Amino acid sequence: MEKEIIRLDKIVKNYKVGSVVVQALRGISLTILKNEFVAIMGPSGSGKSTLMNLLGCLDTPTSGSYFLNGQDVSKLDDNDLADIRNREIGFVFQTFNLLPRSTALENVILPLIYAGVNKQIRIERANKVLDEVKLSDRVTHKPNELSGGQRQRVAIARALVNNPSIILADEPTGNLDSKTSREILSLLEQIHRDGNTVIIVTHEEKIALHAHRIIRLMDGEVAVDEINQHIVAASDVMLK
């Protein structure tokens, strides 16, 4: 059995809006194992973005505990959270979040600079992951010289370069056409097959069906947590 990589225990997150306290998450408890492929779904206001921010160590809970690789990260300060994010979590965003004046290689190298990795090793490792996402011929191109799909591949390479514990993808196909969406989902499927833990946050059912487990949120609580009995492979379908 794969080891536990994420454990949430009675996670509550409250926000104050004026004089009103909004309870975004209401005591969520769940476990994600190493090498799971999970989709987190929910309508607007369900708490999925709040949960993603907590999983990504971009925020801390009001109460409850979050264990990532056995470490309780729920009460860490901002500096420690930044270190955890760079070391343990590979982010893939809908809007790519690439530095516009930097090349593909320079964008991918960035997390390694923060991690204090030797320059030669940085370059070798970044070139390796760019090759893995089939962009070895685009390493010197800047984002405005790349297609949307190529930009997302750069973002995925950047997410992979530090060998993180989890890949956290927020609506990773949201800005892409159907053909490119299928290519990106196929790449995420391959990353999972290679042994990585992949978590996709999405509001689209057709995207969630690529995951092996689907967690559905409603009003800040887990409404459904189920194994996907109808897994769709990117190679088998053209997304509409």
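Miscellaneous remarks
- Flag for residue 53 being among the polar types (S, T, N, Q) and over 16 Å from residue 81 (Cα atoms): no
- Taking the criterion of being assigned to a helix (DSSP H, G or I) and either out of contact with any Gly (no Cβ under 7 Å at 6 or more places or on another chain) or in contact (Cβ under 8 Å) with a residue 40 or more places away in the chain (or both), the residues of region 52-86 that qualify are 52, 53, 54, 55, 78, 79, 80, 81, 82, 83, 84, 86.
- The residue pairs whose first member lies in region 16-31 and is at pLDDT 95 or above, whose second member is of a type in the set (Asp, Glu), and whose beta carbons are closer than 7 Å, counting only pairs six or more residues apart or on different chains, are 26/221; 28/221; 29/9; 30/225; 31/4.
- Residue within region 18-34 that is in a loop (DSSP other than H, G, I, E, B) and in contact with a helix residue (DSSP H, G or I) (Cβ under 6 Å, 6 or more places away or on another chain) present: no
- Scan of region 50-65 for residues that are among the β-branched types (Val, Ile, Thr) and under 15 Å from the mean Cα position of the chain (by Cα), ordered by number: 50
- Taken over region 87-129, the criterion of being touching a helix residue (DSSP H, G or I) at 6+ places or on another chain (Cβ under 8 Å), under 21 Å from residue 187 (Cα atoms) and in a helix (DSSP H, G or I) is satisfied by 104, 105, 107, 108, 109, 111, 125, 126, 127, 129.
- Residue 150 in contact with a His (Cβ under 9 Å, 6 or more places away or on another chain), outside any loop (DSSP other than H, G, I, E, B) and more than 22 Å from residue 39 (Cα to Cα): yes
- Qualifying residue in region 59-66 (condition: crowded, with 20+ Cβ neighbours inside 10 Å and at pLDDT 95 or above): yes
Residue-wise test of (1) under 18 Å from the mean Cα position of the chain (by Cα); (2) in a helix (DSSP H, G or I); (3) within 16 Å of residue 44 (Cα to Cα); (4) not basic (Lys, Arg).
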residue	(1), (2), (3), (4)
191	yes, yes, no, yes
199	yes, no, no, yes
215	yes, no, yes, yes
223	no, no, yes, yes
226	no, no, no, yes
235	no, yes, no, yes
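- Test result for residue 50, surrounded by 15 or more Cβ atoms within 10 Å (Cβ to Cβ), farther than 14 Å from residue 161 by Cβ, in contact with a helix residue (DSSP H, G or I) (Cβ under 9 Å, 6 or more places away or on another chain) and β-branched (Val, Ile, Thr): no
- Considering residues of region 187-202 that are surrounded by 15 or more Cβ atoms within 10 Å (Cβ to Cβ) and not β-branched (Val, Ile, Thr) only, the residue farthest from residue 235 (Cα to Cα): 196
- Only residues that are free of Cβ contacts under 8 Å to residues at least 40 places away in the same chain and not aliphatic (A, V, I, L, M) were counted in region 93-147, giving 22.
- Residue match in region 165-180 (condition: surrounded by fewer than 20 Cβ atoms within 10 Å (Cβ to Cβ), in contact (Cβ under 8 Å) with a residue 60 or more places away in the chain, in contact with a helix residue (DSSP H, G or I) (Cβ under 7 Å, 6 or more places away or on another chain) and under 30 Å from residue 26 (Cα atoms)): yes
- Residues located in region 118-142, provided they are surrounded by fewer than 18 Cβ atoms within 10 Å (Cβ to Cβ) and aliphatic (A, V, I, L, M): 121, 123
The values are calculated or read from the model by the stated rules, or taken from the named source; none is laboratory data. What you see is a predicted model, and the numbers here were worked out from it, not measured in a lab. Glycine gets a Cβ as well: all are built from the backbone with ideal geometry, and neighbour counts include every protein chain shown.
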